[in-house]
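Peer 1: Below is the structure I would like to discuss, written out as structure tokens.
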Amino acid sequence: MTAFRIPGVRRPGRLLAETAALLTAVVVAFPLYWMVLSALKPAGEIQSTEPRPWTLSPSLDSFRRVFEQQDFGRYFLNSLLVATAVVLASAVIAFLAATAVTRFRFRFRTTLLVMFLVAQMVPVEALTIPLFFLMRDAGLLNTLGSLVLPHLAFSLPFAIWMLRGFVRAVPEALEEQARIDGASHARFLWTILFPLVLPGLVATSVFSFISTWNDFLFAKSFLISDTSQSTLPMALLVFFKPDENDWGGIMAGSTVMTLPVLVFFVLVQRRLVSGLGGAVKD
């Protein structure tokens with residue numbers, strides 16, 4: 001007996017799933033909405049004891065204070081340079097490493113894969129002090145290199161482990177056919193395999209970009225005296241004052257920091273979805 005379905009009426013299970021997804025989206029988006037709203041509120045409304053989820057007199061004074069801050073453009077450029085360096089370096093190294101551990105058989109291969117998993121379990125805070133002494137001995141304190149290297153080290157295990165699935169999904173017969181057609185191993189690697197695993201690279205690059213862009217711990221620990229090397233999260237410290245915090249400036253600065261992440265998401269949205277789908281499928 002075929003079940004009769006009334007056109008235009010959704011199944012209860014689907015309706016429940018869509019409702020849950022909508023509520024989740026609201027919960028996730030509300031802090032962002034409140035951040036932008038607080039950045040646009042006048043000082044009197046921000047300090048009010050009766051906060052309202054709207055404002056009838058939006059103001060750009062908080063953004064003006066942010067952009068008038070000394071060397072704000074330099075802090076923004078520093079953050080962009082560090083994030084870009086980590087994303088590009090981690091993508092190339094992770095791609096080569098994932099190909100090596102997937103396509104080749106060598107001694108301690110399994111041990112190396114287990115070490116990738118263990119590396120992701122170690123809290124970043126537990127390694128901050130050892131990393132400080134390492135950067136000091138290497139002469140990298142107060143340089144952007146002291147931010148690039150730790151973030152690169154922490155992003156690589158996740159990227160390599162995730163890219164393994166994409167490399168393994170490419171049939172070995174494709175490589176054999178390329179060899180028959182006269183393609184070298186390097187040509188197959190960069191002209192055939194690389195485009196096929198590009199969605200996975202995009203997914204791992206998003207993780208690397210966000211963790212690097214929002215970093216405060218390493219910037220506070222390794223950039224001690226040279227403020228010209230500071231990044232955007234460090235610039236927000238100006239608005240934290242002993243007597244009273246400038247919440248309008250803090251929210252405006254946070255909004256400005258969020259914009260590059262949103263732009264990055266928009267640019268890689270399609271490949272990101274396919275990349276995460278491939279990771280789940282694997």
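Peer 1: Could you please tell me which pairs satisfy a Cβ distance under 6 Å, a separation of 6+ or placement on different chains, a first residue in region 200-214 that is in contact (Cβ under 8 Å) with a residue 40 or more places away in the chain, and a second residue that is open to solvent by 10 Å² or more (accessible area, probe 1.4 Å) and not in a helix (DSSP H, G or I)?
Peer 2: From residues that are in contact (Cβ under 8 Å) with a residue 40 or more places away in the chain, the pairs are VAL202/VAL268.
Peer 1: Another question, then. For region 112-125, give me each residue that is open to solvent by less than 80 Å² (accessible area, probe 1.4 Å) and modelled with pLDDT of 85 or more.
Peer 2: If the condition is that a residue be open to solvent by less than 80 Å² (accessible area, probe 1.4 Å) and modelled with pLDDT of 85 or more, then PRO123, VAL124 are the ones that fit.
Peer 1: So which of MET162, MET135 ends up being open to solvent by less than 60 Å² (accessible area, probe 1.4 Å), at pLDDT 90 or above and part of a helix (DSSP H, G or I)?
Peer 2: One residue alone meets the criteria, MET135.
Peer 1: Which residue out of PHE108, PHE72, PHE104 is under 28 Å from the mean Cα position of the chain (by Cα) and among the aromatic types (Phe, Trp, Tyr)?
Peer 2: PHE72
Peer 1: Only one of THR102, THR111, THR143, THR128 is under 24 Å from LEU80 (Cα atoms) and in a helix (DSSP H, G or I). Can you tell me which?
Peer 2: THR128
Peer 1: Does at least one position in region 34-46 carry a residue that is free of Cβ contacts under 8 Å to residues at least 60 places away in the same chain and open to solvent by 90 Å² or more (accessible area, probe 1.4 Å)?
Peer 2: no
Peer 1: Oh, and also: Tell me, yes or no, whether region 27-41 has at least one residue that is in a loop (DSSP other than H, G, I, E, B) and over 22 Å from the mean Cα position of the chain (by Cα).
Peer 2: Yes, there is a match, as at least one residue in region 27-41 is in a loop (DSSP other than H, G, I, E, B) and over 22 Å from the mean Cα position of the chain (by Cα).
Peer 1: Ok, one more. Report yes if some residue within region 235-251 is touching a Lys or Arg at 6+ places or on another chain (Cβ under 6 Å), buried (at least 20 other Cβ atoms within 10 Å of the Cβ), over 17 Å from ALA91 (Cα atoms) and in contact (Cβ under 8 Å) with a residue 40 or more places away in the chain; otherwise report no.
Peer 2: Checking region 235-251: at least one residue is touching a Lys or Arg at 6+ places or on another chain (Cβ under 6 Å), buried (at least 20 other Cβ atoms within 10 Å of the Cβ), over 17 Å from ALA91 (Cα atoms) and in contact (Cβ under 8 Å) with a residue 40 or more places away in the chain.
Peer 1: Also, I was wondering about something else. Kindly evaluate ARG65 against the criterion of being in contact with a helix residue (DSSP H, G or I) (Cβ under 9 Å, 6 or more places away or on another chain), charged (D, E, K, R), surrounded by 15 or more Cβ atoms within 10 Å (Cβ to Cβ) and under 25 Å from ILE250 (Cα atoms).
Peer 2: Against the criterion (in contact with a helix residue (DSSP H, G or I) (Cβ under 9 Å, 6 or more places away or on another chain), charged (D, E, K, R), surrounded by 15 or more Cβ atoms within 10 Å (Cβ to Cβ) and under 25 Å from ILE250 (Cα atoms)), ARG65 qualifies.
Peer 1: Name, by its number, the condition in (1) modelled with pLDDT under 90; (2) under 27 Å from the mean Cα position of the chain (by Cα) that does not hold for SER221.
Peer 2: For SER221, the failing item is (1).
Peer 1: Is it true that PHE188 is free of Cβ contacts under 8 Å to residues at least 24 places away in the same chain, closer than 19 Å to VAL148 by Cβ and not aliphatic (A, V, I, L, M)?
Peer 2: no
Peer 1: Also: Go through (1) open to solvent by 30 Å² or more (accessible area, probe 1.4 Å); (2) outside any helix (DSSP H, G or I); (3) free of Cβ contacts under 8 Å to residues at least 40 places away in the same chain for VAL263 and report which single condition fails.
Peer 2: (2)
Let's see how each residue does on (1) at pLDDT below 90; (2) in contact with a strand residue (DSSP E or B) (Cβ under 6 Å, 6 or more places away or on another chain); (3) in a helix (DSSP H, G or I); (4) among the hydrophobic types (A, V, I, L, M, F, W, C):
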| residue | (1), (2), (3), (4) |
| --- | --- |
| PRO51 | yes, no, no, no |
| SER57 | yes, no, no, no |
| GLN69 | yes, no, no, no |
| LEU80 | no, no, yes, yes |
| ALA91 | no, no, yes, yes |
| PHE106 | yes, no, no, yes |
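Peer 1: Let me ask another. Within region 215-234, count every residue that is of a type outside the set (A, V, I, L, M), more than 16 Å from LEU152 (Cβ to Cβ) and either open to solvent by 40 Å² or more (accessible area, probe 1.4 Å) or in a helix (DSSP H, G or I) (or both).
Peer 2: 9
Peer 1: Assess whether LEU156 counts as being within 30 Å of LEU134 (Cβ to Cβ), crowded, with 20+ Cβ neighbours inside 10 Å and at pLDDT 90 or above.
Peer 2: Here the answer is yes, as LEU156 does meet what is asked.
The values are calculated or read from the model by the stated rules, or taken from the named source; none is laboratory data. Please read these numbers as outputs of a predicted model, since none were measured by experiment. Reconstructed Cβ throughout: ideal geometry from the backbone, glycine too, with neighbour counts over all protein chains shown. Side chains included, ligands, DNA and RNA excluded: accessible areas come from the protein's heavy atoms. Shrake-Rupley method; radii C 1.70, N 1.55, O 1.52, S 1.80 Å.
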